[in-house]
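Every number in this text was worked out from the coordinates using simple rules, so none of it is lab data. The model shown is predicted, which means the values in this text are computed figures rather than measured ones. Using ideal geometry, Cβ is built from the backbone for each residue, glycine included, and neighbour counts are taken over all protein chains shown.
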Amino acid sequence: MIRYIFITGGVVSSLGKGIASAALGALLQSRGYGVRLRKLDPYLNVDPGTMSPRQHGEVYVTDDGAETDLDLGHYERFTGVSARQSDNITTGRIYSRIIEKERRGDYLGATIQVIPHVTNEIKDFVLSDPGEGVDFVLCEIGGTVGDIEGLPFFEAIRQLGQELGPERTCFIHLTLLPYIPAAGEMKTKPTQHSVKELRSIGIQPQILLCRCDRPIPENEKGKIASFCNVRPSSVIEARDVRHIYDVPLAYHAEGLDQEVLRHFAINDAPAPDLSGWDRIAQMIHNPDGEVCIGLVGKYTDVPDAYKSVAEALSHGGVANNVKVTVRLINSEEFDDDSRPLDILEGVHGIILPGGFGERGAHGKIRASRFARERQVPCFGICYGMQMSVIEVARNLAGLKDANTTENDRKTPHPLVGLMEEWTKGNEKVIRDENTDKGGTMRLGAYPARLKKGSRVADVYGANEISERHRHRYEVNAAYIPELEKHGVVFSGLSPDGTLPEIFEIPDHPWFIGVQFHPELKSRPFEPHPLFASFIAAAVKQSRLV
Ligand code: GLN
């Protein structure tokens, strides 16, 4: 029997519902249960693929090629369960499905309405194929209770609560208990109001997860319990912690998983094995040294834009028992050649993350050259790799105007371009783009073959890998022979040999560029080998400078 746990949010956004859901998933797993986590996003985009990272942070990509909300990244990192396309849905996708059915005549003349048609689609999504061995499906509802666009989602989960009964459904509400310094008190009123709002749409939460920056006094817990109609033991203190990987342990200490099991009247649950989380917390809080990595990207004012990269770097730190500090460096600041690169002095490694478009591209090229010439470990990811390849073409192979056709359609040396440009010709592709939006993205998991004896083959300890992609442009394989004359090696190719996936500079402490996004598959318990190896090189570098 599968049970469903719904996680809603109140009072304000950004309380960390995604991490709370992921942490509860990890706690249930630690007791031997199978979990699947899902996110219901009330916004109107069909998926977040077209959204700027400035809006919702990074776009997380699954193995099966879905562009999803970044919370799915938290779910994967905390539970190790690979997310799928079917784990994230938006209002936009639901409506587009309904309208498609309506146009096909599937509704046989009925009037299509929010209730029941939209709510039924949402319920179908929640109940659809959870996968093998799943005991609990955890569904996080995006946004905050009271948002107009969230109403159909709340109505759908209310109905599920009714249909499946309390023995199969549990509602957890995440709220905020602000401390008001002038009053010297923690305030419960916003939580009371938020729960009232939830109850007015027919949902009585059974567990309250209360974010706060200090302990909740017992009498306040009692007050919240009685005003919000929950058991006092179900008012769970969710106090700020130092690191997100402390959250599962902290919530367990406050009794979250015990309360969930109690709600479901599960009395024979195995005791949790949290030794893995203890080990991670130990390593994170007792590092043996520190390295500083410069992340040179365009969205440095929105740290969530590089969430998975930052997490993967910290996993690399766990693998090497060091703390990794990330210095966010805005690549646009060195688009102008007259601007010095002194901010890169002293970093122990440079990471060039993914990106799109012209702004900041030249800055990345300059940072890549700095890393190559100054022998600083450098890791180029997707756009970052493309910029490194262009840098090598321009400055080592003498192909002066080498570029990506993303930024210069007429470049005489299209080092990076669209596959169709090579088969159909550039002019034809430009014409096609005016009618539809051009080449499609390569999305999701693709295999690559690694060259025997290369650094990457050694790092992975394998000859064949699978990694997740999200890009439209490719490095142009026609230039491989020319570039390889100048000290770089294309050490990873698509299995048919046509698409460069990885390049490296053997005569350098650590210089690897990858066309895919390895950060998406890194997990605290399984740091990605490239990130572990990159941080190991940064540790060496830190001993030199
Ligand atoms: N803009 C590049 C492309 O579309 C790189 C994308 C990325 O870094 N994710 O190929």
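Taking every pair of Cα atoms in the stretch 186-338, average 1/r, invert it to obtain the Kirkwood radius, and report Rg/Rh to two decimals. Looking at the stretch 186-338, the ratio lands at 1.10. For residue 523, the residues 5 or more places off, or on other chains, whose built amide H falls under 5 Å of its own are 528. Using a/c under 1.5 as the rounded threshold, could you call the stretch 255-305 rounded, prolate or oblate? The axes a ≥ b ≥ c are square roots of the C-alpha gyration tensor eigenvalues, and prolate needs a/b larger than b/c, oblate otherwise. Taking the square roots of the gyration eigenvalues as a ≥ b ≥ c, the stretch 255-305 is oblate.
Restricting the calculation to alpha carbons of the chain gives Rg and Dmax of 25.1, 75 angstrom.
In order along the stretch 447-459, the phi-based Karplus estimate (6.51 cos²θ - 1.76 cosθ + 1.60, θ = phi - 60°) of 3J(HN,Hα) comes to x, 9, 9, 9, 6, 4, x, 7, 5, 5, 4, 5, 4 Hz; Gly and Pro are listed as x. Our estimate of slack between residue 113 and residue 486, defined as 0.36 nm per intervening residue step minus the Cα-Cα distance, is 127.9 nm. Around the amide H of residue 403, modelled in the peptide plane, lie the amide H atoms of 413, 415, 416, all under 5 Å away and 5 or more residues distant in sequence or on another chain. Relative to the longest principal axis of the Cα atoms of the chain, the long axis of helix 361-373 makes an angle of roughly 70 degrees. Here the simple spin-label model places points 7 Å from the Cα toward Cβ, and for residue 229 and residue 286 these points are separated by 4.8 nm.
Hey, what did the stretch 129-229 get for relative contact order, percent, Cα under 8 Å, at least 6 apart?
Relative contact order, the stretch 129-229: 27 percent.
An ellipsoid equivalent to the stretch 58-171, defined through the eigenvalues of its Cα gyration tensor, has semi-axes of 25, 19, 15 Å when rounded to whole angstrom and sorted largest first. Under the rule that an exposed site lies in a DSSP loop and has at most 15 other Cβ atoms within 10 Å, name the longest stretch of the chain with no GluC sites (Glu not before Pro) of that kind, not counting the sites themselves. That gives 359-545 as the longest site-free run. Overall form of the stretch 467-519: oblate. Here a/c, set by the Cα gyration tensor axes a ≥ b ≥ c, is 1.5 or more, and a/b is not larger than b/c.
Couplings 3J(HN,Hα) of the stretch 181-192, computed from phi: x, 4, 8, x, 9, 8, 9, 9, 4, x, 5, 4 Hz, in residue order, whole Hz [Karplus 6.51 cos²θ - 1.76 cosθ + 1.60, θ = phi - 60°; x for Gly and Pro].
Using C-alpha pairs below 8 Å separated by at least 6 residues, the relative contact order for the stretch 287-326 is 70 percent.
Taking label points 7 Å from Cα along the Cα-to-Cβ direction, residue 14 and residue 180 give a separation of 2.2 nm. Pairs exceeding 20 Å between alpha-carbon atoms, taken from 123/189; 39/307; 400/485; 364/521: 123/189; 364/521. Across all directions, the average flat footprint of the convex hull enclosing the Cα atoms of the stretch 1-140 is 9.6 nm². What angle do you read, to the nearest 10 degrees and between 0 and 90, between the alpha-carbon axis of helix 307-320 and the longest principal axis of the chain? Once rounded, the angle reads 80 degrees.
Farthest towards the positive end of the charge dipole of the chain, among the residues 249, 233, 217, is the Cα of 217, using unit charges on the Cβ of Lys, Arg, Asp and Glu.
Using C-alpha pairs under 8 Å with a sequence gap of at least 6, the mean separation divided by the residue count of the stretch 35-138 gives a relative contact order of 36 percent.
Straight-line reach from residue 187: which lysines have a Cα under 28 Å away, not including same-chain ones fewer than 8 places off? Hits, sequence-local ones excluded: 17, 196, 221, 223. Taking 0.36 nm per residue of separation and subtracting the Cα-Cα distance, full extension of the segment from residue 253 to residue 374 would add 38.8 nm.
Each residue of the stretch 494-501 was assigned a 3J(HN,Hα) from its phi angle through the Karplus expression (A = 6.51, B = -1.76, C = 1.60, θ = phi - 60°), giving 4, x, 7, x, 8, 10, x, 10 Hz with x at Gly and Pro.
For the stretch 179-276, a/c is not less than 1.5, where a ≥ b ≥ c are the root eigenvalues of the C-alpha gyration tensor, and a/b does not top b/c. That puts it in the oblate class.
DSSP loop (so not H, G, I, E, B), at most 12 other Cβ within 10 Å: list which trypsin sites (Lys or Arg not before Pro) in the stretch 40-143 pass both filters.
Listed in order of number, the matching sites amount to none.
Only helices enter the 222 nm calculation for the chain: every DSSP H run of n ≥ 4 contributes -39,500 (n - 2.57), and dividing by all residues gives -10500 deg cm²/dmol, rounded to 500.
Stokes-Einstein diffusion for the stretch 6-62 at 37 °C, viscosity 0.692 mPa s, with a Kirkwood radius from C-alpha pairs, works out to 244 µm²/s.
The gain in end-to-end length when the residue 265 to residue 100 segment is fully stretched comes to 55.2 nm, 0.36 nm per residue minus the alpha carbon separation. Using R0 = 25 Å, the C-beta based FRET efficiency linking residue 86 and residue 525 works out to 0.55. Placing unit charges on each Cβ (+1 for Lys and Arg, -1 for Asp and Glu) gives the chain a dipole about its Cα centre, and among 293, 419, 260 the Cα reaching farthest toward its positive end belongs to 260.
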